[in-house]
1. Using θ = phi - 60° and the Karplus relation 6.51 cos²θ - 1.76 cosθ + 1.60, list the HN-Hα couplings for segment 117-128 in order, rounded to whole Hz, with x at every Gly or Pro.
2. Which order do you get for ILE278, ILE220, ILE201, ILE232 if you rank them by accessible area with a 1.4 Å probe, largest at the top?
3. Label-point separation (nm) for HIS269 and ARG131, each offset 7 Å from Cα along Cα-to-Cβ?
4. Quick one: which residues, 5 or more positions from HIS269 or on another chain, have an amide H under 5 Å from its amide H? H modelled 1.01 Å from N in the peptide plane, none for Pro or chain starts.
5. Can you sort PHE75, PHE177, PHE188, PHE203 by 1.4 Å-probe accessible area, starting with the largest?
6. So how much accessible area does SER191 have, in Å² to the nearest 10, using a 1.4 Å probe?
7. Out of every Cα-Cα pair in segment 66-218, what percent are more than 18 Å apart?
8. When all protein chains stay in place, what accessible area (Å², nearest 10, 1.4 Å probe) is found for ASP100?
Amino acid sequence: MSRCPRWPVLLGWLLLPLSVSAEEAVDGEMNALRSGYEYGRYADVLERATGRIDQGRLSEPELVELHKLAGLSAFHLHRTEDASRHFRALLRLDPDFILDPFSVPPPAVEFMDGLREQMAAELDLARQEKRLRLERERVTAEEQRRRVELLARQVTVRRVEKRGMLVNFVPFGAGQFQQGRTGLGTVFAASEGVLVVTSLISFFAYGSLVETSKVTVDDIRGQPREVTFRYIPTERRLQARNWEQLQLGAAIGFYAVYAAGVVDALVHHQDEVVETSIETLPEPPAAPRARLHLFPTAGGAGAGFSLAF
């Protein structure tokens, strides 16, 4: 049984509070900057927001909020260059951002609208880039969702195959075929088949050399009687001996190959073979959807019901 190392798990538990406390610190700092802006501490807010932006490691919404607070603070301090720089950075992040006219003085709104007009071409390009980025993120999220659904539908299938011992003693590579070694099984089957055919051909060829003849002999009572006997002519004796030896050699070769196949099958025999595979279950059928339709008629109104599968 394998054991998972404990150090990565322990390290993850130690780092989790650090990440949570870092997020809480960012939220606390943002709340402090908003409070400082509301109380009119514009110089302090501008300095702290600018320093926090320079530190980095911020999300896009956090950057938008910091640039807004820094730009408004700079505008109230009549530091037009700093206000323009922060508002431009804000619009590059969110080209459609609009200051709240109920909480922001109209001059600040007009100042930002003027910058928006100056940056019209740049903002159009930023909108396109943002749409493309959002589309890529949507496609990536969809692919991840499908991958998660696919992994959720994957199951591990365990197949158990029982193998009989007696099959190993069957000729023509039956034991090898049972074990899934079809290549070697084909070799044994072909070799034994050739030897069997050779033995049969030799048997019938030898039998074709035998001739039959009848002779008349006297029995013990001195009466003539016909006797039928089979023989091989002298001129065919050498041919008959060759066929007989070929038949004997084929038989010996067959049993030798058969014995080799049995031994090989017994050596590789397993009573039980377990195969494990990962299969994906089919997607569940979509649930039927019912809809109620209301439509006007000449005399009033009507209703319809539809069910989609």
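1. Result, rounded to whole Hz: 5, 5, 9, 4, 5, 5, 6, 4, 5, 5, 4, 4.
2. ILE220, ILE278, ILE201, ILE232
3. 7.4
4. Here the answer is none, since no amide H 5 or more places off falls under 5 Å of that of HIS269.
5. PHE203, PHE177, PHE75, PHE188
6. 40
7. Of the Cα pairs, 78 percent sit more than 18 Å apart.
8. Solvent-accessible area, nearest 10 Å²: 70 Å².
The values are calculated or read from the model by the stated rules, or taken from the named source; none is laboratory data. All values reported here derive from a predicted model rather than from experimental measurement. When we count neighbours, we look across all protein chains shown, and the Cβ atoms used for this are built from the backbone with ideal geometry, even at glycine. Heavy atoms of the whole protein, side chains included, go into the accessibility calculation; ligands, DNA and RNA do not. Shrake-Rupley method; radii C 1.70, N 1.55, O 1.52, S 1.80 Å.
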